[in-house]
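Reading through the structure tokens given below for one structure.
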Amino acid sequence: MNEACFYVGRNGQAVALADVPDLEPAAFFEAIVAAVQEGRRLACLCADAQLRLFAVLADDGAGTLALARARLREPRYASITPRCPQAHLFEREMAEQFGIVPEGHPWLKPVRFQTLGVSGSPVEPGVMAFYRVEGEAVHEVAVGPVHAGVIEPGHFRFQCLGEEVLHLEISLGYQHRGLEQALVGGPHPLSLKFAETMAGDTSIGHGWAYCQALEALAGIDVAPRLQRVRGVALELERMANHTGDLGALAGDVGFLPTSSFCGRIRGDWLNLTAEACGSRLGRDWLKPGGLRYDLEPERARALRQRTAAVWADTRDAIELLWGAASVLNRFEAAGAVDPVQAREIGLVGVPARACGIRMDVRRDHPYGPYADHPVAVARAQNGNVHARAWVRWKELAESCRFLEEALAHLEAMPPAEEPARDLRLAPESLCVSMTEGWRGEVLHLVLTDGSGRFSRYKVVDPSFHNWFGLALALRGEQVSDFPLCNKSFNLSYCGFDL
Amino acid sequence: MIHILLSRWRQGHRTLPYPKTLPALPERLRGMPSLQGGACPAGCEACQKACPVEAIHPSPEGPRMDLGHCLFCGRCQETCPEGVIRFTRDHRLAVRDREHLQVFPGRELQLAAALEGELKRLLGRSLKLRVVSAGGCNGCEVDVNVLGTLAWDLGRFGIQYVASPRHADGILLCGPVTANMELAVRKTYEAVPGPKVVIAVGACAISGGPFRYQQEQRGGVGSLLPVDLHIPGCPPHPLTILDGLLRLLGRLEEEGRL
Ligand code: SF4
């Protein structure tokens, strides 16, 4: 990597904008392509209304984030997607948000049918040129936006030859609320809420990323004890969601014991979060600078006892899966993603680890308590439904270990008086704040203006990277396996749509 | 097989005895706020300033709160210098009319009355709902979904989420209704055979919730369709949702509980 093109920083570090090299657009894009070819990962590429461009290239081995920026003189440039597939959705997003045309992009379509488009003309969701396979026996199956279960809206088009799926195109945007734009000018009283509701099932993952960015930009250190409590919050969120997912996977292959047990146990995990902060999703548990609700020794003790009990139920329910031949048979036969393609398109989180890619923000770019209290990264090799289920199972055990240690520690450590914090943000600065949500890497890129207000707030939910992985996993599968494959990714619609 | 049976034995019967008894609710749960009258210092606007969604205003009677906007974040309680606002653990929050969500000292929450006449006769013992997720954060869906699990076992009350609007007696909607979902919401509603009910779950579906200032959304389902039941919260506790559904069907009085 050409070091001169980048500022090499770390997760949750505030950088004066002036320290990030301001490149010529052509050099900016070349630097990105070269860095990705050398093995870095394009964690974020975004623009703003002034046609400024920002890129974050993660080196997960070295734990660094390389930052670069540029400014376009006119809203067009030569697309890098043909040479760097990881950029495909980012380029489409910049086109939709700011009218910046990536010339030569092979797949330039709407990302989320942004309501207030750059052109100002009304946008009709779901109306675009869908990819079509022609042929006498080829047929098309269209599903959504409203689905058959209690699920978020999205539109799916399958090109099928008989039962076999040749291609799946996923068209989202129905949950688009305009959150990135709404954050500009902040922080204001709703900003934390916006972070928590980027994807409501990842309230802690996104809420923490928001808090961490503010703390970095304000130059505040958060006491290790409070960071430990945040770790508890995040791991409880992971326990609830992974348990729910494994139960739902069991349900999709008709294995009812695990499915019905886990449905209930997921609620038990959510109740533990509510015990700590009053909200089952962890709303308002965290706040910039610290916590709204602490875990006093008494509460930590109670929580530790309940954690042990719920974990016993969880383990009992999920272990059944691995002894049932009918389950393994279905899990192993469905939804494989090729590990090489997984890297090329930049998968993150559970689906990436299920392809043998060792990445986890908690280990690679440690934040909060994870540098001092590391977690092991779970992996599997085959990239199929089984691998994704197995990774979740391993992560459950590891998160539980973290929880028990952390809660035992908090039990012995009464809260200290926290000083009031001044949350004035550094002007003209940039912070990339990442956490490992239960789906994978949550990234917030925050930019301040001359008076320390947000001038750009970019959010990359793990689902942004991973929806295309689901499309790849479906190739050659049967349409009837879609629910199983979909559940094994369990991606967020609202986290993508923002 | 033996493992499955053993697990079944270990996991036991866990369906909550509600509505016979109340399940234990978390100590920090923020349910129905209790508002005290006559104690606000002159000119105090602390709660109003603290609230991120303009859900609370000082008035001569004391703080006035719109539970349809409230996110139950508790910031007003934290800020109030006189301790006038206190969130209780009372989970019962559902009302029939939007207007009933306006509360102030001396005005009790008028909990949802049961459906009447033909609707009660048709739906009272069997209510099939099509859940529509229309632009929120998927938080309310979590707690709507959980009612279907064995812990709550919604089916025992004759309530069920169904796959098609054609099979439904009404829609249960979460989310503020984004512009991108408006057409889908209308079509889903039209596809439900009449007579039908509309249930708004969560601050978003009632008023737009935290997204109420966004031009990308419509400020809740009430802007499109007549709403029969409002269940506030961000998100509401599952018990709050279940309480609302049972009240609508007149099942709580019937079972003589709570
Ligand atoms: S609890 Fe409700 S009324 Fe009070 S500050 Fe929060 S949103 Fe506003």
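The values are calculated or read from the model by the stated rules, or taken from the named source; none is laboratory data. Source: prediction; values computed, not measured. Using ideal geometry, Cβ is built from the backbone for each residue, glycine included, and neighbour counts are taken over all protein chains shown. Side chains are part of the model used for accessible areas, which takes the heavy atoms of the whole protein and leaves out ligands, DNA and RNA. Shrake-Rupley method; radii C 1.70, N 1.55, O 1.52, S 1.80 Å.
Values as computed for the structure displayed
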read-out: A:Val150 vs. criteria at negative phi and more than 9 Å from every other protein chain (Cβ to nearest Cβ); value: no
read-out: Test: residue in the range B:100-108 that is away from chain A (no Cβ under 11 Å), near the ligand (Cβ under 9 Å from one of its atoms) and modelled with pLDDT of 90 or more; value: no
read-out: Members of the range A:57-97 found to be within 25 Å of A:Arg353 (Cβ to Cβ), open to solvent by less than 10 Å² (accessible area, probe 1.4 Å) and in a strand (DSSP E or B), listed by number; value: A:Leu57, A:Ala58, A:Leu65, A:Ala66
read-out: Residue tally, condition under 16 Å from A:Arg392 (Cβ atoms), crowded, with 24+ Cβ neighbours inside 10 Å and in contact (Cβ under 8 Å) with a residue 60 or more places away in the chain, over the range A:337-371; value: 9
read-out: Matching option when the condition is more than 12 Å from chain A (Cβ to nearest Cβ) and at positive phi, among B:Gly209, B:Gly220; value: B:Gly220
read-out: Options B:Pro17, B:Pro23: the member that is within 30 Å of A:Phe255 (Cβ to Cβ), under 19 Å from the mean Cα position of the chain (by Cα) and more than 15 Å from the ligand (Cβ to nearest atom); value: B:Pro23
read-out: Unmet requirement for B:Ile56, which otherwise passes all of (1) open to solvent by 40 Å² or more (accessible area, probe 1.4 Å); (2) near the ligand (Cβ under 6 Å from one of its atoms); value: (1)
read-out: Only one of B:Arg64, B:Arg86, B:Arg14, B:Arg10 that is more than 9 Å from chain A (Cβ to nearest Cβ), farther than 30 Å from A:Ala182 by Cα and of a type outside the set (Ser, Thr, Tyr); value: B:Arg86
read-out: Number of the condition not met by A:Ala4 [criteria: (1) in a helix (DSSP H, G or I); (2) surrounded by fewer than 19 Cβ atoms within 10 Å (Cβ to Cβ); (3) touching a residue at least 40 places away in the same chain (Cβ under 8 Å)]; value: (3)
read-out: A:Ala195 more than 25 Å from A:Arg238 (Cβ to Cβ) and either out of contact with any helix residue (DSSP H, G or I) (no Cβ under 6 Å at 6 or more places or on another chain) or among the small types (Gly, Ala, Ser) (or both); value: no
read-out: Condition check for B:Glu118: open to solvent by 50 Å² or more (accessible area, probe 1.4 Å), away from the ligand (no atom under 16 Å from the Cβ) and free of Cβ contacts under 8 Å to residues at least 40 places away in the same chain; value: no
read-out: Residues within the range B:56-92 that are polar (S, T, N, Q) and not in a loop (DSSP other than H, G, I, E, B), tallied; value: 2
read-out: Test: residue in the range A:151-174 that is out of contact with any strand residue (DSSP E or B) (no Cβ under 9 Å at 6 or more places or on another chain) and not in a loop (DSSP other than H, G, I, E, B); value: no
read-out: Breaking point among (1) touching a strand residue (DSSP E or B) at 6+ places or on another chain (Cβ under 8 Å); (2) modelled with pLDDT under 90; (3) open to solvent by 70 Å² or more (accessible area, probe 1.4 Å), for B:Gln77; value: (2)
read-out: Qualifying residue in the range A:300-311 (condition: small (Gly, Ala, Ser), open to solvent by less than 30 Å² (accessible area, probe 1.4 Å), closer than 23 Å to A:Thr202 by Cα and not in a helix (DSSP H, G or I)); value: no
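For (1) touching a residue at least 24 places away in the same chain (Cβ under 8 Å); (2) out of contact with any Pro (no Cβ under 9 Å at 6 or more places or on another chain); (3) under 30 Å from A:Ala471 (Cβ atoms), each residue gets a yes or a no:
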residue: A:Cys277; (1), (2), (3): yes, no, no
residue: A:Arg280; (1), (2), (3): no, no, no
residue: A:Leu286; (1), (2), (3): yes, yes, no
residue: A:Thr307; (1), (2), (3): yes, yes, no
residue: A:Val310; (1), (2), (3): yes, yes, no
residue: A:Ala317; (1), (2), (3): yes, no, no
residue: A:Leu328; (1), (2), (3): yes, yes, yes
